[in-house]
1. Restricting attention to the stretch 148-165, does a residue exist that is under 20 Å from residue 235 (Cα atoms) and modelled with pLDDT of 95 or more?
2. Grab the strands (runs of 3 or more DSSP E) fully contained in the stretch 1-108, keeping just those with 3 or more residues being surrounded by fewer than 19 Cβ atoms within 10 Å (Cβ to Cβ).
3. From 223, 248, which residue is crowded, with 18+ Cβ neighbours inside 10 Å, within 16 Å of residue 79 (Cβ to Cβ) and not basic (Lys, Arg)?
4. Return the residues of the stretch 193-220 that are open to solvent by 40 Å² or more (accessible area, probe 1.4 Å), more than 14 Å from residue 248 (Cα to Cα) and not in a loop (DSSP other than H, G, I, E, B); say none if nothing qualifies.
5. If you check 111, 94, 107, which single one turns out to be in contact with a Ser or Thr (Cβ under 9 Å, 6 or more places away or on another chain), closer than 26 Å to residue 222 by Cβ, of a type in the set (A, V, I, L, M) and modelled with pLDDT under 95?
6. Whether any residue in the stretch 110-124 is over 21 Å from residue 47 (Cα atoms), open to solvent by 10 Å² or more (accessible area, probe 1.4 Å), in contact (Cβ under 8 Å) with a residue 24 or more places away in the chain and part of a helix (DSSP H, G or I) is what I want to check.
7. Looking at the stretch 184-192, is at least one residue touching a helix residue (DSSP H, G or I) at 6+ places or on another chain (Cβ under 6 Å), open to solvent by less than 30 Å² (accessible area, probe 1.4 Å), modelled with pLDDT of 95 or more and in a strand (DSSP E or B)?
Amino acid sequence: MNDINSFPQTLTIAGTDSGGGAGIMADMKTMQECGVFSTAVVVAVTAQNTIGVQDFQALSPKMINEQFDSIHDDFEIKACKTGMLADAEHVELVYNNLNKYDFGPFVLDPVMIAKGGAQLISDEGIDLIKTKLIKLATLVTPNMPEAEALIGSKIESQSGMLVAAKKIQKLGAKNVLIKGGHGDSEMVRDIVLLENGDSFWMNSKRVHTVRTHGTGDTISSAIVSRLALGDSMKDAILFGKDFVEAAIKNTIQVGHGHGPLNHWAYNKEHDKDEV
């Protein structure tokens, strides 16, 4: 007989996407494909599609606290992540609950700056992420604009990415992944700085597509899943890169704007390899 509650379980703490491509929806699709059972704390609800965000509403502090309590009281969470946290008040709420409960390794996807450069959270919210939430992070996964917001200066070169990763690590995160997908160079380069001081680059050829909605959610969720399954941090990050690369490369035609990723792609590719 199997041990009760022994199946690997994960938690995503973020906002919904009614269009299904990002946020909690992308997180849970990714976690499902990675072979773990996913749970969620909903921080905010959005009216959203591939064209844009039409409206959003953050949930009450009472409802958010009760969701954390419910998850803690029944599940054995092995790893967790955060995504869009709405505003400073909700960053504080999440910080307090992650201090209260041990949900295993914590991956902070600091959703602050959109691909087009729009700021997605107030300056006060960014400050709380920089000064409080990041100190709890086992791994932080900013894109380039978010990394610049965390360090307070521009990143002008690849050597500057490593310098930035070291500065972010000094803010309190144990491990740092800066995603280099912004820009238009033919090669995408991500820098990883591990807790022990080792660093390495992950390189991939750019896929020219508008179907990249939810890439940050997807890679962070894949990493969380592999951490819950017992991978080392390095192996989990490398898996996350492979998973999201497959999901971008093998596009699906959904919506009229910035479409979602193909969350089935990694497993389909590897099923083929095994035949």
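1. Here is the first cut: in the stretch 148-165, the ones under 20 Å from residue 235 (Cα atoms) are 162, 165.
Still in the running and modelled with pLDDT of 95 or more: 162, 165.
Yes: one or more hits.
2. Values: elements: 9-15, 37-48, 53-58, 77-82, 106-108.
Hits in the stretch 1-108: 37-48, 53-58.
3. Details: 248 fails: within 16 Å of residue 79 (Cβ to Cβ).
The conditions single out 223.
4. The answer is 199, 201, 203.
5. On the way: 94 fails: modelled with pLDDT under 95; 107 fails: modelled with pLDDT under 95.
Answer to the check: 111.
6. Yes, the stretch 110-124 contains at least one residue that is over 21 Å from residue 47 (Cα atoms), open to solvent by 10 Å² or more (accessible area, probe 1.4 Å), in contact (Cβ under 8 Å) with a residue 24 or more places away in the chain and part of a helix (DSSP H, G or I).
7. The answer is yes; a qualifying residue exists.
The values are calculated or read from the model by the stated rules, or taken from the named source; none is laboratory data. None of these values were measured; they are calculated from a predicted model. As a convention, Cβ positions derive from the backbone with ideal geometry for all residues, glycine included, and neighbour counts pool all protein chains shown. Heavy atoms of the whole protein, side chains included, go into the accessibility calculation; ligands, DNA and RNA do not. Shrake-Rupley method; radii C 1.70, N 1.55, O 1.52, S 1.80 Å.
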